[in-house]
Structure formats: C-alpha cells, structure tokens
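Read through the structure below, which is laid out as structure tokens, and then see the notes.
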Amino acid sequence: MGFSERARRVRNERLAHGRRVAALCSCVSLYHPIGHRATLSFLEDLAGPYQRHEKALLRALTALEASRAAWLAEVARYKAVRLREKRLGRRVPPDDGPPPGRMGGHWYATVPNLPGRAALHALKLWERDHGPDFADDETRSLVRECIATGGTLTGDPLDVVLARRAGDAGWPLPLIASAAGTSP
C-alpha cells in the first residue's frame, strides 16, 4: 500500500480515530524528512494533538502531504536537470549536494521558515534523546549553538557544518544546515 492509499485511510471518517492515526503513522513511515519520530512530533507541533482531535489529524496530514509534494517537485526538477546534463555528456553529478531523493534532514515546504522550524524541532529531540557521549564534541557544540541561535549560524560554525557535510553523513549535520537555511 502506498502513501496515497494510506492518506485516504486517514481521511476515511468511517474508520475509528485510532486506525486513522495509525494510517498517518504509516504515511510517516514512507515519508519522514526529518526522521520518523521527529516528523510525527513536528506534525503535532504544527497541527495540534492529532491523536485525539479530528481536525488536528487532518491538518497534520495536509502538512505532511504539502511537504511530500514539495519534495516530489524537487526530485522531479533534479531528475530533469540530470537528464539534460547526461545528454550533454556530463555523467557525474555536480558536488553541490546529494539528490533530493536521498536527502534527509530537510522539511520541504513552500512556506518560508517552515524547513528551519522543522530542523530545529528535530535537533532539540536529537539533543534530548542522545547522551553526551553519542557524538563528537564538535557536533554536539554545533547542535547546541544552532538551537541557541534559532538556526542563525554564521562565520566559523557555518563553515564547519558546510565542510563536514561534504564528507560526513552524521544525522545532525543536515538538520543544522537546514536550520541555518543552507539546504535545498
């Protein structure tokens, strides 16, 4: 069963509310741009307590579908660019980042500031859930600074994030870059 069918179940008023919430969680299992738990938590932050309220559940689904649609549009744009490049003989993709189909840590949206809010939300969960020994000192410091500044990284910290992203697939780095506004 795909995303669209699961979304239809969320909207199906004949199903018990708990089954509809489970269908939303299934949608998130297929599309979770900032991680599964962080995506569910952010949807609750955006829409309200969807586990208990009908309107909040539908708002959460609408927000998830909007993000997924923006992501799919970005993937389609990337594919079109790559197809043109390949026809011109450029077989190796440019180094300006991974394709959006493989990217994590960025909430796609047409609403300004929403990707940064989502990234900060996920970073706060990441910091809370991981002990002090989980990541290296520099990563923990970057996460804390990003949270403290509301994603406004400049100068050396931003340079460190951008440099490390090129060779490090650590989960907080794409979130930090997204919160700082340097993701797609």
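List of remarks:
- Across segment 59-75, the number of residues qualifying as modelled with pLDDT under 90 and aliphatic (A, V, I, L, M) comes to 1.
- Neighbours by Cβ (under 7 Å, 6+ apart or cross-chain): first from segment 67-93, in contact (Cβ under 8 Å) with a residue 60 or more places away in the chain; second part of a loop (DSSP other than H, G, I, E, B) and open to solvent by 70 Å² or more (accessible area, probe 1.4 Å): GLU74/PRO184
- With respect to the conditions (1) open to solvent by less than 20 Å² (accessible area, probe 1.4 Å); (2) under 14 Å from the mean Cα position of the chain (by Cα), SER29 lacks only one, and its number is (1).
- When the residues of segment 86-105 are filtered to those that are modelled with pLDDT of 90 or more and in a helix (DSSP H, G or I), the one that is nearest to GLY151 (Cα to Cα) is LYS86.
- Qualifying residue in segment 47-58 (condition: under 22 Å from LYS124 (Cα atoms), at pLDDT 95 or above, outside any loop (DSSP other than H, G, I, E, B) and open to solvent by 20 Å² or more (accessible area, probe 1.4 Å)): no
- Flag for ARG165 being open to solvent by 60 Å² or more (accessible area, probe 1.4 Å), modelled with pLDDT under 80 and under 25 Å from ARG6 (Cβ atoms): no
- Remark: LEU120 falls outside the filter, which requires a residue to be more than 15 Å from GLY181 (Cβ to Cβ) and modelled with pLDDT of 70 or more.
The values are calculated or read from the model by the stated rules, or taken from the named source; none is laboratory data. Small disclaimer: the values here were computed from a predicted structure and weren't measured. So basically every Cβ, Gly included, is an ideal-geometry build from the backbone, and we count neighbours across all protein chains shown. These accessible areas exclude ligands, DNA and RNA; they are computed on the full protein's heavy atoms, side chains included. Shrake-Rupley method; radii C 1.70, N 1.55, O 1.52, S 1.80 Å.
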